[in-house]
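K.L.:
Take this structure, written in structure tokens, and hold onto it; I'll ask about it next.
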Amino acid sequence: MLRWQVAIATENPRVLYLVIELLKKLDLKFVVCTPGDSRCEDAKVVVTTREDSNEHDALVVVDDDLDPVLTSIEIMAKLNDIHSPILAIIGIDPGMRFGVALLIDGIVTYTNSPVSPSAAAKLTSRLESYVARLFPDCRTTVRAGTGSKLYSTLFLRDMNRHFPDLTIELVNEHHTTLSGGVTSDQTSAILIAGRSGRSQTDTDIILEAKAGYVRSLQLFVRRFSRGKRELSTDEARAILLDETSLDCVLTDC
């Protein structure tokens with residue numbers, strides 16, 4: 001039986017620090033050892049650098065510019081013996097806070113909670129590019145829940161505007177919304193990823209300037225800015241009618 005899931009085999013202090021922090025966030029058991037240390041044999045994955053050459057069946061090679069998202073996916077894929085996957089699905093749970101989950105051949109390899117539709121769209125694109133980089137023959141599909149018409153529409157607008165080449169399915173969220181817990185949105189995203197959806201239509205990116213939507217956007221902007229920004233009714237209506245984007249309002253573009 002493996003004594004630990006990951007071994008960190010490097011003498012690079014910056015890489016060592018970055019990998020330790022990442023593995024703590026992933027809640028993985030790990031050991032720190034020098035390159036060539038026999039303890040590496042007792043780990044399923046070894047994280048190292050090109051300079052600290054190492055021989056192991058499952059190596060993850062990183063450098064000083066470690067990308068935590070890419071590295072997380074690579075580590076989790078190797079831990080779960082994902083080598084030549086067929087399908088990757090990115091599940092999206094839209095809301096006041098988004099849930100995002102990447103499943104590769106049905107196995108959860110990454111989750112996060114972006115704080116805006118734009119951030120969720122950018123992360124979705126990053127995840128797709130990382131899957132293509134690690135597994136060139138793997139097909140990627142995006143599945144977004146429709147439980148929140150307001151936020152699912154804002155997400156779709158961002159995706160269509162900036163990442164039009166990604167395939168998006170819209171999924172009925174019935175029985176995917178969980179109450180309580182700081183990661184409930186991520187769990188919902190995992191459930192959404194597991195359901196087949198439908199293609200989007202023109203009506204899916206249309207919003208009416210409803211009073212409830214206006215109030216929701218005003219609350220969102222207040223929370224996002226920690227009370228430093230107030231959204232006017234006219235600004236909210238402009239976002240809803242797609243005359244401007246929420247991201248543009250948040251960044252004062």
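K.L.:
In square nanometres, what is one fourth of the surface area of the convex hull spanned by the alpha carbons of the chain? If you can, show how the numbers build up before the last one.
P.N.:
Details: hull surface 61.3 nm².
Directional mean of the projected Cα hull area for the chain stands at 15.3 nm².
K.L.:
If you don't mind, there's one more thing I want to ask. Once each part is reduced to its C-alpha centroid, what is the distance from segment 1-53 to segment 192-220 in angstrom?
P.N.:
43 Å
K.L.:
For residue 206 and residue 14 in the same chain, what is the full-extension length gain: residue separation times 0.36 nm, less their Cα-Cα distance, in nm? Walk me through the numbers before you get to the answer.
P.N.:
Values: separation 192, 0.36 × 192 = 69.12 nm, distance 4.76 nm.
Full-extension gain reported as 64.4 nm.
K.L.:
Let me ask something additional. Running Debye on segment 4-79 with equal point scatterers at the Cα sites and no solvent, what base-10 log of I(q)/I(0) appears at q = 0.13, 0.19, 0.24, 0.25 Å⁻¹?
P.N.:
So the normalised log intensities are -0.29, -0.66, -1.13, -1.24.
K.L.:
While we're on this one: Using per-residue counts of other Cβ atoms within 10 Å, averaged over each peptide, order 15-24, 157-166 from highest down. Provide the component values of the computation, followed by the final result.
P.N.:
Working: 15-24: 17.4, 157-166: 15.8.
Going from most to least packed, we get 15-24, 157-166.
K.L.:
Rounded to the nearest 0.05, what FRET efficiency do residue 53 and residue 160 give with R0 = 45 Å and r taken as the Cβ-Cβ distance? Could you check?
P.N.:
Values: r = 45 Å, r/R0 = 1.01.
Taking R0 as 45 Å, the efficiency between residue 53 and residue 160 is 0.50.
K.L.:
How much space per residue, in cubic angstrom, does the convex hull of the C-alpha atoms of segment 87-204 take up? Let's see the in-between values first.
P.N.:
Working: hull volume 10.8 nm³, N = 118.
In segment 87-204, the Cα convex hull volume per residue is 92 Å³.
K.L.:
Of all alpha-carbon pairs in segment 211-251, indicate the percentage at a distance above 11 angstrom. Mind showing how you got there, number by number?
P.N.:
Working: 483 of 820 pairs.
I get 59 percent for the Cα pairs in segment 211-251 exceeding 11 Å.
K.L.:
If a helix is a whole DSSP H run, which ones in the chain reach 15 Å or further along their own axis (Cα) and hold a mean Kyte-Doolittle hydropathy of at least 0.0?
P.N.:
Values: long enough: 13-25 (18 Å, 0.72); 68-79 (16 Å, 1.17); 117-134 (26 Å, 0.02); 149-162 (20 Å, -0.70); 211-224 (20 Å, 0.28).
Qualifying helices: 13-25, 68-79, 117-134, 211-224.
K.L.:
Right, another one. How large is ³J(HN,Hα) for each residue in segment 32-39, as worked out from phi by the Karplus curve 6.51 cos²θ - 1.76 cosθ + 1.60 (θ = phi - 60°), to whole Hz, x for Gly and Pro?
P.N.:
Per-residue couplings from phi come out as 9, 8, 7, x, x, 4, 5, 5 Hz.
K.L.:
With labels modelled as points extended 7 Å from the Cα through the Cβ direction, what inter-label distance (nm, one decimal) is found for residue 21 paired with residue 107?
P.N.:
Distance between the two pseudo-spin positions: 2.8 nm.
K.L.:
Let me ask something additional. Taking residue 149 as the anchor, which lysines have their alpha carbon closer than 17 Å to its alpha carbon, excluding any fewer than eight residues away along the same chain?
P.N.:
Correct list for residue 149: 210.
K.L.:
Using amide H atoms built 1.01 Å from N in the peptide plane, name the residues 5+ places from residue 139, or on other chains, whose amide H lies under 5 Å from its own.
P.N.:
For residue 139, whose amide H was placed from the backbone, the distant partners under 5 Å are 87, 88.
K.L.:
Using the beta-carbon distance between residue 196 and residue 29 and R0 = 45 Å, what value does 1/(1 + (r/R0)^6) give for FRET efficiency, to the nearest 0.05? Spell out each step's value before the answer.
P.N.:
Working: r = 36 Å, r/R0 = 0.79.
Computed FRET efficiency for residue 196 and residue 29: 0.80.
K.L.:
Run down the lysines and flag those whose C-alpha is under 27 Å from the C-alpha of residue 44, throwing out any fewer than 8 positions away in its chain.
P.N.:
24, 25, 29, 78
K.L.:
Let me ask something else about it. Under a Cβ-only charge scheme (Lys and Arg +1, Asp and Glu -1), can you give me the dipole magnitude of segment 1-155 about the Cα centre, in debye to the nearest 20? Don't skip to the answer; put the middle values down first.
P.N.:
Values: 16 positive and 20 negative charges, 174 e Å.
Taking the Cα centre of segment 1-155 as origin, the dipole is about 840 debye.
FYI, it's all coordinate maths here, none of it is from the lab. A quick note: this is a predicted structure, and the numbers were derived from the prediction, not measured. So basically every Cβ, Gly included, is an ideal-geometry build from the backbone, and we count neighbours across all protein chains shown.
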